[in-house]
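Report on the following structure.
The values are calculated or read from the model by the stated rules, or taken from the named source; none is laboratory data. The structure presented is a predicted model; accordingly, all values stated were derived computationally and were not measured. Positions of Cβ are backbone-derived with ideal geometry, glycine not excepted, and every protein chain shown enters the neighbour counts. Side chains included, ligands, DNA and RNA excluded: accessible areas come from the protein's heavy atoms. Shrake-Rupley method; radii C 1.70, N 1.55, O 1.52, S 1.80 Å.
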Amino acid sequence: MTDTAGEGLTFHGNQQFTITRKVLAGMDTRYYWSSRPLSELTGSEHHWLFLPGALTPRLKAMGDYSIEVVEQSHGPLNPEEAQALNVPPATLGWVREVVMKLDGEACVTARSLTSVPALNGEWADLNGYGRRPLAEILYTSEQTLREPFQCALLSPGAPLAALSYRFAPQAKRLLARRSRFTRNGSALLVSECFLPAFWARIEYAQALKSA
């Protein structure tokens with residue numbers, strides 16, 4: 001939920017609240033989607049979480065890129081997902097979960113979702129989309145508008161965290177970003193989680209530069 005105090009925060013859970021600055025002062029806001037960088041982010045983490053444009057070509061520049069579709073199915077959207085898409089709770093949704101690998105190593109997971117009515121309308125090209133990166137349609141159409149990125153430290157119960165732990169079960173910290181894409185008012189929500197293997201590659205590349 002985006003709060004009315006201008007903090008740009010969204011809850012991972014299913015309850016809705018009106019958040020005030022006074023209340024926020026006593027809360028751990030790292031687990032809420034925020035358009036503002038988390039205070040604990042390193043320079044590299046801030047760079048990648050808010051880097052504009054498609055992630056896929058940047059990953060391809062880092063190694064042998066591959067993408068695996070983990071699941072692509074239909075089911076009821078949870079309240080937080082429905083709210084993010086601006087559709088009624090329990091709306092039937094389309095969910096696509098993938099893992100992106102570099103040199104065979106899982107580095108980024110992604111969860112994309114939209115409502116089935118949108119899938120049958122403005123987002124019809126997602127039907128049977130297969131293993132192609134979504135960037136091929138999200139950044140090539142003038143009709144597709146992208147809203148600013150939000151970032152979060154994923155809570156263990158978040159759907160994207162559950163997907164990510166399948167490929168990084170020992171992860172102590174899962175940083176993610178998400179953005180909403182719209183076509184004539186119909187929304188598609190894309191969330192990406194950077195796994196520990198990704199950050200290890202970034203640290204290694206930085207160490208080589210400074211050596």
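Annotations
- Verdict on Arg173 being open to solvent by less than 60 Å² (accessible area, probe 1.4 Å), closer than 25 Å to Gly63 by Cα and basic (Lys, Arg): no
- Checking Phe194 against (1) of a type outside the set (Asp, Glu); (2) open to solvent by 50 Å² or more (accessible area, probe 1.4 Å); (3) in contact with a Phe, Trp or Tyr (Cβ under 8 Å, 6 or more places away or on another chain), the condition it does not meet: (2)
- Glu68 fulfils the conditions (1) touching a residue at least 60 places away in the same chain (Cβ under 8 Å); (2) assigned to a helix (DSSP H, G or I); (3) open to solvent by 50 Å² or more (accessible area, probe 1.4 Å) except for a single criterion, (2).
- Test: residue in the stretch 143-153 that is more than 14 Å from Val98 (Cα to Cα), in contact with a Lys or Arg (Cβ under 8 Å, 6 or more places away or on another chain), modelled with pLDDT under 90 and not hydrophobic (A, V, I, L, M, F, W, C): yes
- Of the strands (runs of 3 or more DSSP E) that lie entirely inside the stretch 109-211, those containing 1 or more residues that are farther than 19 Å from Leu38 by Cβ and touching a Gly at 6+ places or on another chain (Cβ under 9 Å) span 175-183, 186-194.
- Scanning the stretch 10-63 for residues that are open to solvent by 60 Å² or more (accessible area, probe 1.4 Å), among the β-branched types (Val, Ile, Thr) and either in contact with a strand residue (DSSP E or B) (Cβ under 6 Å, 6 or more places away or on another chain) or modelled with pLDDT of 80 or more (or both) yields one hit, Thr42.
- Considering only residues in the stretch 177-211 that are within 20 Å of Ala135 (Cβ to Cβ) and free of Cβ contacts under 8 Å to residues at least 40 places away in the same chain, the one that is farthest from the chain's Cα centre (by Cα) turns out to be Thr182.
- Of all the residues in the stretch 94-105, those that are farther than 20 Å from Ala135 by Cα and surrounded by 13 or more Cβ atoms within 10 Å (Cβ to Cβ) number 1.
- Pro52 vs. criteria in a loop (DSSP other than H, G, I, E, B) and either on the phi < 0 side of the Ramachandran plot or over 15 Å from the mean Cα position of the chain (by Cα) (or both): yes
- Output for the stretch 91-124, where each listed residue is small (Gly, Ala, Ser) and either in contact with a helix residue (DSSP H, G or I) (Cβ under 7 Å, 6 or more places away or on another chain) or under 30 Å from Pro169 (Cβ atoms) (or both): Gly93, Gly104, Ala106, Ala110, Ser112, Ser115
- Residue within the stretch 113-131 that is open to solvent by 70 Å² or more (accessible area, probe 1.4 Å), touching a residue at least 12 places away in the same chain (Cβ under 8 Å) and either closer than 16 Å to Glu71 by Cβ or within 16 Å of the chain's Cα centre (by Cα) (or both) present: yes
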